[in-house]
Amino acid sequence: MKTAAILFLAAAVLPVFFSKNRSAPFWLAFQALALAWAGLASHGDWNGHTLPRLIEVLGVRGLIAPILLHRAIRGRAEPNLDLMPSNLFVWAIAITLIVLAFQFGAPAMDERNAITLGAIGATVVVSLLLLASNESPPAQLVAVLFMENALALFESLLPEPWPLPVHAALGIIYVATVAVGSWLIGEPDHAGTTDAMATAGDAAREPRQ
C-alpha cells in the first residue's frame, strides 16, 4: 500500500515539475496503475466487487482517458510547453504545499495511511496550483483529472470499498470530464481568429501615406 501511494505521488508530482503537455496522458495511465495497486492492497479480496473496480480504474482511467487526452492535445498542434511554468517562485510554493499536505495527515494516522493521505493532499494542492499558474487549456484539463484521481485514491483509506454504483458514477463523471474537456480544448481559438481579423481590418482602413 505504501509503495502504491508513493508511485501515485510520483506520477502526480513529477510531471507537474518536469514534464510537457504531451506526456500527460502517460502519467494519467501510470496513476491508474498505482490506483489499481492501492485498491488491491487495501481491499485485496477477489470478489464480485474487485473485478468491476479494476475495470473502471484500468479501462476508464488508464486507457480511455489517456487516449482521448492524447488525441486532443495532438489535435491542437501547439508547442509542447511545460505543464507548470519554469518559475522558481512557483516551484517553491509547490514544494511548500506538498510538505504541508504531508504534515496535515501525519499526526492523526499510522504511517501507511499518513503517506496515502499525504499523496492525496499533495496531488490536490499541486493541481490547484497548476490551475492557477497555467492558462493553457490542456494543462488545466490535466489538473482536473489529477484531482479526480486523487479522489479515487481516497477510497483506499476507507475500511470498506465504495459500492459499485458509486464506482460507476465516478467512472461516468471521469469519462464525461475528459470527453467534454478534450472536445473543448480541441476547438479552434475563435477569439484569436477574431482579433486577427479585426487587426487586419483596422490596418486596411488606415489612410495611405
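No lab work stands behind these numbers, since they all come straight from the coordinates. This is a predicted model, so every value here is computed, not measured. Using ideal geometry, Cβ is built from the backbone for each residue, glycine included, and neighbour counts are taken over all protein chains shown.
For the stretch 117-160, calculate the relative contact order in percent as a whole number, restricting contacts to Cα pairs under 8 Å that are 6 or more residues apart. It rounds to 49 percent for the stretch 117-160.
Each part gets one Cα centre, and for the stretch 65-92 versus the stretch 5-27 those centres are 11 Å apart. Peptides 11-17, 76-82 ranked from most to least packed by the mean count of surrounding Cβ atoms within 10 Å: 11-17, 76-82.
Relative contact order of the stretch 2-186: 31 percent, from C-alpha pairs under 8 Å at least 6 residues apart in sequence.
Here the spin labels are modelled as points 7 Å beyond Cα on the Cα-Cβ line, and at LEU164 and LEU97 they lie 3.8 nm apart.
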